[in-house]
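Structure first, then comments.
The values are calculated or read from the model by the stated rules, or taken from the named source; none is laboratory data. Predicted model, so just to flag it, every value in this text is computed and none were measured. Cβ atoms come from the backbone with ideal geometry, glycine included; neighbour counts cover every protein chain shown.
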């Protein structure tokens, strides 16, 4: 077979691969090899069509046969490395790719795959080294930027992770998972305005993304903009109605807006199923606001049985005691707690503040 005929067969086969017609491509390349069994170009095409149909192990002998005659065949090395990767055999894929970059050291796509393989094998240093090499070869390599950002994110080095992901978003601005992770980093850092910006961008891409909706609601909560947050809390409640954190934070938002009946309905639903300290605490807040003082006291007592050192509950209970039984009773309760919970600096500070108010009958 002359080169022109092999070229025609190869073009036809790869056109079929491009269309996803792998069986048809395989037949074309097999037919060509019947005429010219030693044609490496056609054999690589056959191996590629088999590999693309996810018969990874079956494709390997064809690549290896090519490499027996042409040990530096670029396309055979690439296909063989990907076949081993498809089998999740990172050792063999690394063996092939490391051989490949001896001849093509600036191929950033393979440098990135090498980094990915080292990452999956748990070798951080080698993975980082190859991600950086890939990025040096192509500063706009989005997969290297993503991989480096992911490493630093998992190591809680959030500032560095965001530096890489910011560069990534300049290349591909519609990556929702990156936008939501960056929003979550900003929430943890209490940069709520910035967090809301990332979640807003994510929602412009996918209006129903539950992570972005929750993030937006919680960022607005951090900004104390409860009126703006409530519609987002309502949305996430519809998407994830059994999520306790969503339920309690929705109720908390409603309490801030004095929507006590709606908030109490949500909290009652939670507590009908099981104990939840956040729901109990929120219920006590509603009861205080609606002058059901005795019920609030009972809930604070229940909270203190579960967690005797919770300073927030101790102070709220003391305030109610001051309102119902007088300032001296409240201070006696706090002093008893001081001795029981010696060493809690927050409690010491709270008692000092409480004392300085001279509450009398604090509401």
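Values for this structure:
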{"quantity": "Helices (runs of 4 or more DSSP H) lying entirely in region 80-170 (those with 3 or more residues that are over 30 Å from residue 49 (Cα atoms))", "calculated": "124-137, 142-154"}
{"quantity": "Verdict on residue 41 being closer than 22 Å to residue 96 by Cβ, part of a helix (DSSP H, G or I), over 39 Å from the mean Cα position of the chain (by Cα) and in the same structural domain as residue 76 (by TED's automatic domain parsing)", "calculated": "yes"}
{"quantity": "Residue 168 closer than 30 Å to residue 203 by Cβ and crowded, with 18+ Cβ neighbours inside 10 Å", "calculated": "yes"}
{"quantity": "Positions within region 282-317 being assigned to a loop (DSSP other than H, G, I, E, B), over 38 Å from the mean Cα position of the chain (by Cα) and on the phi < 0 side of the Ramachandran plot, in sequence order", "calculated": "290, 292"}
{"quantity": "Some residue of region 67-75 being without any contact (Cβ under 8 Å) to a residue 40 or more places away in the chain, surrounded by 21 or more Cβ atoms within 10 Å (Cβ to Cβ) and in contact with a helix residue (DSSP H, G or I) (Cβ under 6 Å, 6 or more places away or on another chain)", "calculated": "no"}
